[in-house]
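Contents: one structure, followed by commentary.
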Amino acid sequence: MTAQLTDKYGRNIEYLRLSVTDRCDLRCNYCMPEGFKDFGEPEDWLTFDEIERIIRVFGELGTRRIRITGGEPLVRKNLPELAARLSLLPGIEDLSLSSNATRMQKQAEPLKKAGISRINISLDTLRADRFKQITGGGKLEKVINGLLAAKEAGFHPVKINMVVMRGVNDDEVEDMVQFCIDHDFTLRFIETMPMGNTGREASLQYIPLSEIHDRLAKKYNLVKANMNGGGPARYVRVEGTELRIGYITPMSQHFCDTCNRVRLSVDGTLYLCLGQDDSYPLRELMRAGITDDELKQHIQNAIDIKPEKHEFSDNPQKLVRFMSMTGG
Ligand code: SF4
């Protein structure tokens, strides 16, 4: 009988988002506060051995999908080495990565060779001036070169995540669609979420994605579509093209009923829900010498306290931590 991690709502938790660093080389204004420096110390980070052990144990408990995130995961040294070790673990069927691609030009090949199967890249604008403004000084060119290097390295589909904000970048939705058609990328639109003060500020530009869908439906014939992946996106295809567009709607149409994931932060804290503070620290327990069976019991104890859903609409002031602390 295959092992399965199930929470008290009967949801099968087969997907772990693994944050390998809380640091990032960008400061997207809906995520990390400008000038933020209060990062964890490297000695607090899980080592590669500890990460490999936790992922091995999650694999033995039935977790099938691992997504490597950050902050920006590519700022963690020797990431391809860690990816290679995780890709060999029994039970892990899908090893993917989310990145801002500023460092992807050099790392796309080694990550592909290491066993990363799919890549999601954050890109909110195609205008260099606006990119600089949204990311607190980032260079758009680096990201475009990173995207093209990921495609060149054989990643397919490369998925682009665009956080749509009213009056900030919603005038570029059609341009982003055309960009993805031209480069054979998959496009996903994401609604803003009130995570931390930065997330709450960005939520002042919140736009329900049904509005974006209706706008695109005036220009394109959109037909229902499916896509591989364990995520909550609902997809349509632009008829006459291979482009799939996904909508990730935590605010207007949440997907908590079918939630299949938990998040592990770089310091070994298991966060049970993106929209709640419920968490379970594992690092100190591991460093205190617990056995694998004890670790499995602690993980099950954590899953037993997994909240039913987020309260982004009912209680937007609730969350202090911002997105990059658990990598979205
Ligand atoms: S907000 Fe929480 S319960 Fe809802 S889908 Fe995200 S992690 Fe799952």
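The values are calculated or read from the model by the stated rules, or taken from the named source; none is laboratory data. Note that the structure is a prediction, hence the values are computed from the model and not measured. Note: ideal-geometry Cβ built from the backbone for every residue, glycine included; neighbour counts use all protein chains shown. Just the protein is used for accessible areas: all its heavy atoms, side chains included, with ligands, DNA and RNA removed. Shrake-Rupley method; radii C 1.70, N 1.55, O 1.52, S 1.80 Å.
For an R0 of 35 angstrom, estimate the FRET efficiency from the Cβ-Cβ distance between GLU311 and GLU284 and round to the nearest 0.05.
Values: r = 29 Å, r/R0 = 0.82.
Given R0 = 35 Å and the Cβ-Cβ separation, E is 0.75.
Could you please state, rounded to a whole Å, how far the C-alpha centre of the range 1-57 is from the C-alpha centre of the range 286-303?
Answer, in whole Å: 17.
Using a 1.4 Å probe over the heavy atoms of the protein chains, calculate the carbon and sulfur portion of the accessible area of the chain as a whole percent.
Whole-percent figure for carbon plus sulfur exposure: 49.
Can you pull out the trypsin sites (Lys or Arg not before Pro) in the range 263-328 whose DSSP state is coil and whose Cβ has at most 16 other Cβ atoms within 10 Å?
Filter output for the range 263-328: LYS309, LYS318, ARG321.
Sequence gap at least 6, Cα distance under 8 Å: using those rules, report the relative contact order of the range 15-326 to the nearest whole percent.
Once normalised by length, the contact order is 20 percent.
Place a +1 charge on the Cβ of each Lys and Arg in the range 1-76 and a -1 charge on the Cβ of each Asp and Glu, then give the dipole magnitude about the Cα centre in debye, rounded to the nearest 20.
Details: 12 positive and 14 negative charges, 101 e Å.
Roughly 480 debye, rounded to the nearest 20.
Given H placed 1.01 Å from N in the peptide plane, which residues other than close sequence neighbours of ARG103 have an amide H under 5 Å from its amide H?
The answer is none.
Once the dipole of the chain is set up with Lys and Arg at +1 and Asp and Glu at -1 on Cβ about the Cα centre, which of CYS24, ILE160, SER98 lies farthest towards its positive end?
ILE160
In degrees between 0 and 90, to the nearest 10, how far off the longest principal axis of the chain does helix 292-303 point, with axes built from Cα atoms?
It is inclined by approximately 50 degrees.
Long-range amide H contacts for LEU243: which residues qualify at under 5 Å (H placed 1.01 Å from N, peptide plane, sequence gap of 5 or more or a different chain)?
Amide H neighbours of LEU243, under 5 Å, 5+ apart: VAL238.
Tell me, what is a quarter of the convex hull surface for the C-alpha atoms of the range 117-254, in nm² with one decimal?
For the range 117-254, averaging the hull's shadow over all directions gives 8.4 nm².
Can you work out the base-10 log of I(q)/I(0) for the range 15-326 at q = 0.12 1/Å, using the Debye formula on its C-alpha atoms alone?
-0.80
Compute the distance in nm between two label points, each set 7 Å from the Cα along the Cα-to-Cβ direction, one at ASP184 and one at GLU239.
About 2.4 nm, to one decimal.
Straight-line reach from LYS306: which lysines fall under 28 Å, measuring Cα to Cα and dropping same-chain residues less than 8 apart?
Output for LYS306: LYS8, LYS296, LYS318.
Given a 10 angstrom Cα cut-off, can you work out which residue in ASP257, ASP277, ASP22 is the most mobile in a GNM of the chain?
ASP257
Cut-off 10 angstrom, C-alpha nodes, Gaussian network model of the chain. Which of ASP293, ASP124, ASP278 fluctuates the most?
Maximum among the listed residues: ASP293.
Keeping all protein chains in place, calculate the accessible area per residue for the chain (probe 1.4 angstrom), answer in Å².
44 Å²
GLN205 label point, 7 Å along Cα→Cβ, cut-off 16 Å on backbone N: hits in the range 15-41?
Inside the label zone: 27-34.
Cα to Cα, under 22 Å, and not fewer than 8 places away if on the same chain: which lysines meet these conditions relative to LYS113?
Excluding near neighbours in sequence, the set is LYS77, LYS142, LYS151, LYS159.
With all distinct Cα pairs included, what does the Kirkwood hydrodynamic radius of the range 211-323 come out to in Å, to one decimal, could you say? Don't skip to the answer; put the middle values down first.
Working: mean 1/r = 0.0588 Å⁻¹.
Computed over the range 211-323, the radius equals 17.0 Å.
Could you check what % of the DSSP bridge pairs in the chain are antiparallel, to the nearest 5?
Given both bridge residues lie in the chain, the antiparallel proportion sits at roughly 30 percent.
Mind checking the dipole of the chain: about its Cα centre, +1 per Lys or Arg Cβ, -1 per Asp or Glu Cβ, Debye to the nearest 20? Can you show the working numbers first?
Numbers: 45 positive and 47 negative charges, 120 e Å.
Approximately 580 debye in magnitude.
Under a point spin-label approximation (7 Å from Cα along Cα-to-Cβ), what is the LYS218-ASP277 distance to one decimal in nm?
Rounded to a tenth, the inter-label distance reads 4.4 nm.
Grab the DSSP H runs of the chain that are 4 residues or longer, score each as -39,500 (n - 2.57), total them, divide by all residues and round the 222 nm result to the nearest 500 deg cm²/dmol. Each step should come with its number before you reach the end.
Details: 10 runs with 99 residues, N = 328.
Dividing the helical sum by the residues of the chain leaves -9000 deg cm²/dmol.
Give, in nm to one decimal, the length gained when the segment between ASN226 and THR47 is fully stretched (0.36 nm per residue of separation minus the Cα-Cα distance).
Additional length available on full extension: 60.8 nm.
Pick out, from VAL173, HIS254, GLY231, the residue whose Cα sits farthest towards the positive end of the charge dipole of the chain, with +1 on the Cβ of Lys and Arg and -1 on the Cβ of Asp and Glu.
Checking the options against the dipole of the chain, the answer is VAL173.
Multiplying the sequence separation of ASN78 and CYS256 by 0.36 nm and subtracting their Cα-Cα distance, what value in nm do you get?
Values: separation 178, 0.36 × 178 = 64.08 nm, distance 3.44 nm.
Answer, rounded to one decimal: 60.6 nm.
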